[in-house]
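Working notes, structure below.
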Amino acid sequence: MKKLVIFASGSGSNFQAIIDGIENGEINAQISGLISDRIASGASIRAKNHQIPFLEVTKKNPDQFLNIVSEQLAQWEPDLIVLAGFLRKVPDEIVNRYSGKIINIHPSLLPKYGGKGFYGLRVHEAVLESGDLITGCTVHFVNEEYDRGDIIMQQRVDVLENDTPEELAARVLKAEHQLLPAVINKLLKQLN
Ligand code: GRF
């Protein structure tokens with residue numbers, strides 16, 4: 001059975017979409033564990049509810065963070081690492097060690113509205129300000145640069161007249177919940 005490790009700091013709704021994908025048979029894998037950089041995040045609570053091991057690493061010191069996370073990953077032996085709303089930059093050492101095996105989900109059609117500072121509602125505010133009629137979400141491989149690794153798959157979402165950033169964010173998030181399990185499924189099959 002292929003093993004996933006999820007990194008998430010926030011509400012964890014994408015993490016939940018992965019849990020659901022496994023429970024309904026769309027994804028043939030198990031989740032070895034969750035890494036969160038916050039205490040009692042929504043994601044940690046979901047892990048607890050589903051008896052998934054989780055590690056909360058709140059250490060600010062980059063070396064400590066690297067050591068703790070590296071050790072945990074060595075134990076969990078992931079085939080694929082999924083960043084699902086993880087706000088801290090993953091250390092380059094880990095990105096290089098698991099090169100081609102770390103993916104991230106981002107709430108825009110990259111390369112648009114990506115990079116430092118583009119997270120949360122800011123992404124959707126920028127889309128609305130631009131006048132773009134289409135936005136969406138992207139799953140991409142992670143490299144050393146924020147949101148700049150190779151794109152694996154995208155899903156488009158229409159921007160509606162009079163959308164607020166919150167309304168647009170909610171529709172994009174729904175699309176994310178479809179896209180992320182589909183990409184995980186595809187990549188795990190390629191690993192076979
Ligand atoms: C999502 O919009 C994702 O694209 C971004 O962070 C958000 C996480 O949301 N990277 P959730 O915690 O999965 O609900």
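None of the figures in this text is laboratory data; all of them are computed from the coordinates on show. A quick note: this is a predicted structure, and the numbers were derived from the prediction, not measured. Note that we place each Cβ from the backbone using ideal geometry, even for glycine, and neighbour counts take in every protein chain shown.
Summary table below
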quantity	calculated
Peptide ranges 95-104, 156-165, 171-180 listed from the most packed, as the mean C-beta count within 10 angstrom indicates	171-180, 95-104, 156-165
Helical segments meeting 20 Å axial Cα length and Kyte-Doolittle -0.5 threshold in the chain (DSSP H)	62-76, 165-191
Selected from D147, D92, D37 as most flexible by GNM, with the chain as the system and alpha-carbon contacts under 10 Å	D92
Sum of side-chain charges, S13 neighbourhood, beta-carbon under 9 Å (Lys, Arg +1; Asp, Glu -1)	0
30 Å Cα-Cα reach of K116 towards lysines, excluding residues that sit fewer than 8 places from it in its own chain	K3, K59, K60, K89, K101, K174, K186
Long-range tail of P(r) for the chain (Cα pairs > 31 Å, %)	13
Share, in percent, of DSSP beta bridges within the chain that are antiparallel, nearest 5	40
By average C-beta atoms within 10 angstrom, highest first, the peptides 29-35, 125-131	29-35, 125-131
